[in-house]
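In what follows, a single structure is set out as structure tokens and then discussed.
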């Protein structure tokens with residue numbers, strides 16, 4: 001992987017460079033490509049920046065960009081917003097980070113609230129990976145490799161299914177075919193309210209050979225930042241626990257993991273965490289009278305329920321990232337996609353934090 005880092009603090013670049021060397025990642029820095037050189041007065045700065053970045057991307061074969069959210073310490077570099085939007089026009093995936101950030105319930109709620117908009121041009125690096133120590137830097141590089149693999153898988157999927165672009169089935173139809181689940185398109189329609197942010201008003205009408213790279217990047221942002229972030233047809237591990245009405249600790253047990261392994265999602269970005277197909281969990285439950293405790297090999301008597309009884313209803317809380325009882329969940333704000341059937345926010349958390357965001 002060829003990784004371009006846009007960072008204005010040399011110590012952090014050194015940390016990332018050392019981690020990249022351990023994982024055969026080629027790191028390119030602003031100094032390597034003279035990214036901080038001043039611009040002339042011949043044309044708009046954003047046009048000059050995009051032109052310069054295109055040359056860098058093509059000459060260095062950049063796969064992924066790692067972008068600092070705060071570039072104020074450098075006089076030569078442009079702002080992260082200018083870089084982010086330029087790379088969006090070019091079609092190169094960007095992962096943005098803020099060093100030494102701490103996660104609070106309010107910051108997480110703010111992030112989720114803005115994800116549909118900001119998420120159309122970047123993937124945010126988890127706070128625990130944006131620390132200034134060697135272990136975090138190595139984990140960051142490993143995570144970036146997983147993200148790069150996900151974007152490349154989508155690009156390969158578009159290459160493999162060129163014919164779907166002729167029919168213009170829209171982002172939902174295209175992604176469903178790439179994931180190997182054409183019937184998923186109906187479920188993904190519940191995530192299309194923000195398509196204007198992720199794909200623009202023309203959606204797929206202009207997708208062709210030349211723009212496939214750019215479109216696959218936008219598909220990646222949509223899949224990672226919206227569909228996987230707000231569980232519905234594809235569930236992360238704690239939301240799968242909620243769907244099965246068991247605790248996060250219960251779904252992580254070896255016997256349960258073995259029982260639901262057939263439902264595991266192995267599509268783009270699956271290397272970044274455990275995910276499951278909801279429809280395959282449905283098949284598993286149907287064969288066990290609707291109760292995971294009755295699946296062969298599961299020590300059902302030892303499972304702790306979230307809601308009372310095996311058929312109790314539970315949801316996944318976006319803030320505490322654990323299953324919660326249905327009666328503890330607030331009605332969803334309109335910024336949570338309708339397709340995210342398992343995603344909720346705990347009522348008491350929304351009551352406390354919502355007014356700070358005018359939700």
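The values are calculated or read from the model by the stated rules, or taken from the named source; none is laboratory data. Note that the coordinates shown come from a computational prediction; the quantities given were computed from them, not determined experimentally. Note that each Cβ is placed from the backbone with ideal geometry, even for glycine, and that neighbours are counted across all protein chains shown.
Summary of values
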{"quantity": "Any hit, region 33-54, residues being part of a loop (DSSP other than H, G, I, E, B), in the same structural domain as residue 138 (by TED's automatic domain parsing), farther than 30 Å from residue 199 by Cα and at pLDDT 95 or above", "calculated": "no"}
{"quantity": "Selection from region 83-101 of residues that are surrounded by fewer than 16 Cβ atoms within 10 Å (Cβ to Cβ) and within 11 Å of residue 50 (Cβ to Cβ)", "calculated": "89"}
{"quantity": "Pairs, first free of Cβ contacts under 8 Å to residues at least 12 places away in the same chain in region 174-196, second part of a helix (DSSP H, G or I) and surrounded by 18 or more Cβ atoms within 10 Å (Cβ to Cβ), C-beta under 7 Å, six or more apart", "calculated": "182/176"}
{"quantity": "Residue, surrounded by the most Cβ atoms within 10 Å (Cβ to Cβ), within region 58-70, restricted to residues that are in contact with a helix residue (DSSP H, G or I) (Cβ under 6 Å, 6 or more places away or on another chain) and outside any strand (DSSP E or B)", "calculated": "63"}
{"quantity": "Any hit, region 102-110, residues being in a loop (DSSP other than H, G, I, E, B), touching a helix residue (DSSP H, G or I) at 6+ places or on another chain (Cβ under 9 Å) and closer than 23 Å to residue 54 by Cβ", "calculated": "no"}
{"quantity": "Considering residues of region 257-291 that are in contact with a strand residue (DSSP E or B) (Cβ under 6 Å, 6 or more places away or on another chain) and in contact (Cβ under 8 Å) with a residue 40 or more places away in the chain only, the residue nearest to residue 183 (Cα to Cα)", "calculated": "278"}
{"quantity": "Among (1) surrounded by fewer than 18 Cβ atoms within 10 Å (Cβ to Cβ); (2) over 23 Å from the mean Cα position of the chain (by Cα); (3) assigned to a loop (DSSP other than H, G, I, E, B), the one test that residue 307 misses", "calculated": "(1)"}
{"quantity": "Residue among 4, 27 that is outside any helix (DSSP H, G or I), surrounded by 19 or more Cβ atoms within 10 Å (Cβ to Cβ) and in contact (Cβ under 8 Å) with a residue 40 or more places away in the chain", "calculated": "4"}
